[in-house]
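Asks: Sharing a structure, written as structure tokens. Questions coming.
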Amino acid sequence: MILEKLLLGIMVAALTLLLLPFLLVMAGVGAAMLLWFVVSAAVLGALIFWMLFPGAYGLAILLLVLVIGLLLVHRQTRHGAP
């Protein structure tokens, strides 16, 4: 009984170690895609703002940074991150 549980634990650990790099790569790809969509929406908003108010470069960049920050904070609070 103990030997079976020990062998099962070793097999689970070995499988986890084999799949861990794949899972980390997939998590990185998912995070990059999520960041790409968030940034592209914020850049589009800043571009529209810049076209409406062409002399306000600094304000457009400030709004872009604020929008990205607010989107990331909103996403974290919605998922219950501490």
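Asks: Out of VAL38, VAL43, VAL25, report the one residue that is surrounded by 10 or more Cβ atoms within 10 Å (Cβ to Cβ) and either at pLDDT 80 or above or of a type in the set (S, T, N, Q) (or both).
Replies: Selected residue: VAL25, the only one of VAL38, VAL43, VAL25 that is surrounded by 10 or more Cβ atoms within 10 Å (Cβ to Cβ) and either at pLDDT 80 or above or of a type in the set (S, T, N, Q) (or both).
Asks: Still on this structure: How many residues are in a helix (DSSP H, G or I) and in contact with a Leu (Cβ under 8 Å, 6 or more places away or on another chain) when one looks only at segment 29-74?
Replies: Qualifying residue count, segment 29-74: 7.
Asks: Next question. Are any residues in segment 13-22 open to solvent by 90 Å² or more (accessible area, probe 1.4 Å) and not aliphatic (A, V, I, L, M), and if so, which ones?
Replies: Of segment 13-22, the ones open to solvent by 90 Å² or more (accessible area, probe 1.4 Å) are 15, 17-18, 22.
Matches in segment 13-22: PHE22 only.
Asks: Filtering segment 52-62 down to residues that are among the aliphatic types (A, V, I, L, M) and either touching a residue at least 24 places away in the same chain (Cβ under 8 Å) or open to solvent by less than 70 Å² (accessible area, probe 1.4 Å) (or both), which residue is nearest to SER40 (Cα to Cα)?
Replies: Only one residue tops the list, namely ALA60.
The values are calculated or read from the model by the stated rules, or taken from the named source; none is laboratory data. For clarity, every value in this text was computed on a predicted model and none was experimentally measured. In this analysis, Cβ positions are derived from the backbone assuming ideal geometry, glycine residues included, and neighbour counts consider all displayed protein chains. When the accessible area is computed, the model is the full protein with side chains, heavy atoms only, and any ligands, DNA or RNA have been set aside. Shrake-Rupley method; radii C 1.70, N 1.55, O 1.52, S 1.80 Å.
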